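Inspection log for the structure reproduced underneath, given as structure tokens.
Read the figures in this text as sums done on the coordinates, not as results from a lab. Just so it is clear, the model here is predicted, and its values are computed rather than measured. Backbone-built Cβ (ideal geometry, glycine too); neighbour counts: all protein chains shown.
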Ligand code: GDG
């Protein structure tokens, strides 16, 4: 992509129009007509490249909101292909989707696929409703008729390579690193962990507010717990991201300024990327994992945490608004807009009776082990080929 394309297609249409709109318009989406043409052109380039690479009658799987127009573009030049599409982010309800000046083009783009996959049932339903409303399509929530073609729509909750995380959690080098991190954070302190891309959808600020509230009320103290926030830099040229980062760093500074003592900080804040291997000992050291997005397609971090809990210890606090919440019912579910409620649940998580915690974690592990990423890919591709 050229620099103007990165500005208009990627930072613009993808990340200032589609991303916020598809996440409940947590930030106001911008509808800039100068970004639309580059979005179409970049999609055309991907479609052309796929058309050139794919053998006769083969399967092409298109991914995510950056390429919503590709299925139709590809079908126009290569009607012999089987085309699948998977959306990694939520699909918004009709009331929000209808804001888009290009809503018909985007729906028709997707309807070029044979099978369209979403993270959750309600995302799939939102899409089918919008398609029936704004295009010449009829049918049910799972089967739409587009001219003579049938387009299938369904939910396929994405997952992780469970075995990889479990195995790495048991590796001697991970165990050694975990002990080291625990010792350095302070013996006897319970570790709360959060791992997110630095994105305004992830609820980082709400989680910090809940933690601050617990400290302020004296329900917890820095002698008995510590919050580790790993925040991977993301989309920094986009204004809303830079703004969010400043806000979060102010709050971390305020909490540490108020509560830290020499050698003991209230919040460890890492604004940098970690590899999967580097993340492992943090997952293993965490007594409570706090995943509190305001809206998230699925959220893999919570599943990764579960996979590392080989001894069935640890508690997951999870937002109701992550796609993962519909599968991970035995986590402690929270509404991230309810700071009081979230503080109470985080407090509860730190004090959950051992047996209850173990029971919950055993069930969560069964779910994620059974429904791993291999199952996800297998089921989608099998349905596409059928
Ligand atoms: C989108 C949707 C959906 C590695 N280093 C770091 C880091 N990683 C890995 C994590 C995890 C992944 O990045 C983050 O995945 P999430 O699912 O949590 O979130 P998004 O990046 O927003 O992904 C999401 C996903 O697509 C898949 O369909 O689940 O809903 O938004 O694997 O281990 N992550 C962070 N810091 C690192 O240093 N935060």
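Please determine, in degrees from 0 to 90 and to the nearest 10, the orientation of helix 172-185 with respect to the longest principal axis defined by the Cα atoms of the chain, where the helix direction is its Cα long axis.
Its long axis makes an angle of about 60 degrees.
Run the quick spin-label model on residue 129 and residue 385: label points 7 Å from Cα toward the beta carbon, then report their separation in nm to one decimal.
3.5
Round to the nearest 0.05 the FRET efficiency obtained for residue 155 and residue 250 when R0 = 41 Å and r is the Cβ-Cβ distance.
Efficiency for this residue pair is about 0.60.
Mean residue ellipticity at 222 nm from the helices of the chain, using -39,500 (n - 2.57) per DSSP H segment of n ≥ 4 over the full residue count, to the nearest 500 deg cm²/dmol?
Working: 15 runs with 176 residues, N = 386.
Roughly -14000 deg cm²/dmol at 222 nm, from the helical runs in the chain.
Which of rounded, prolate, oblate describes the range 107-266, given a ≥ b ≥ c as roots of the alpha-carbon gyration tensor eigenvalues and a/c under 1.5 marking rounded, otherwise prolate only if a/b is larger than b/c?
On the way: a/c = 3.28, a/b = 2.06, b/c = 1.59.
Taking the square roots of the gyration eigenvalues as a ≥ b ≥ c, the range 107-266 is prolate.
Assign one of three labels to the range 151-230, namely rounded, prolate or oblate, based on the Cα gyration tensor with a ≥ b ≥ c the square roots of its eigenvalues; rounded applies when a/c is under 1.5, prolate when it is not and a/b is larger than b/c, and oblate otherwise.
oblate
Residues of the range 80-106 with backbone nitrogen within less than 11 Å of a virtual label 7 Å along the Cα-to-Cβ line of residue 24, please, listed as ranges.
Within reach of a label on residue 24: no residues.
On full extension of the chain, what length is gained from residue 49 through residue 333, given 0.36 nm per residue of separation minus the C-alpha to C-alpha distance?
So the extension gain works out to 97.9 nm.
If r is the Cβ-Cβ distance from residue 356 to residue 34 and R0 is 56 Å, what FRET efficiency results, to the nearest 0.05?
0.55
Residues of the range 351-376 with the amide nitrogen closer than 17 Å to a label point 7 Å from the Cα of residue 224, along Cα-to-Cβ, please.
Label zone hits: 351-354.
Return one number: the angle in degrees, 0 to 90 and rounded to the nearest 10, between the long axis of the Cα atoms of helix 339-350 and the longest principal axis of the Cα atoms of the chain.
60
Need one number: convex hull volume per residue for the range 231-386, Cα atoms only, in Å³.
158
How large is the convex hull of the Cα atoms of the range 1-87 per residue, expressed in Å³ as a whole number?
81
In whole percent, what relative contact order does the range 20-107 give with Cα contacts below 8 Å and a gap of six or more residues? Please report the intermediate quantities before stating the final value.
Working: 94 pairs, mean separation 30.4, N = 88.
Normalised by residue count, the contact order of the range 20-107 is 35 percent.
May I ask you to work out the translational diffusion coefficient for the chain at 10 °C, viscosity 1.306 mPa s, via Stokes-Einstein with Rh from the Kirkwood sum over Cα pairs, reported in whole µm²/s?
D = 71 µm²/s.
With springs connecting C-alpha atoms under 10 Å apart, model the chain as a Gaussian network and identify which of 137, 366, 313 has the largest mean-square fluctuation.
366
Can you tell me how much longer the chain between residue 276 and residue 5 gets when fully stretched, taken as 0.36 nm per residue apart minus their C-alpha distance, in nm with one decimal?
Extra length from residue 276 to residue 5 when fully extended: 94.5 nm.
Can you put 338, 205 in order, fewest other beta carbons within 10 Å first?
Placing the least packed residue first, the sequence is 338, 205.
Going by how many other beta carbons lie within 10 Å of each one, how would you line up 333, 111, fewest first?
Ordered by Cβ neighbours within 10 Å, fewest first: 333, 111.
Antiparallel as a % of all DSSP beta bridges within the range 99-247, to the nearest 5?
Around 35 percent antiparallel, to the nearest 5.
Please arrange 192, 381 by counting, for each residue, the other beta carbons lying within 10 Å of its beta carbon, fewest first.
Fewest to most other Cβ atoms nearby, the residues stand as 381, 192.
Would you mind calculating the relative contact order of the chain from Cα pairs under 8 angstrom and at least 6 residues apart, reporting the percent as a whole number?
Details: 706 pairs, mean separation 59.4, N = 386.
So the answer I get is 15 percent.
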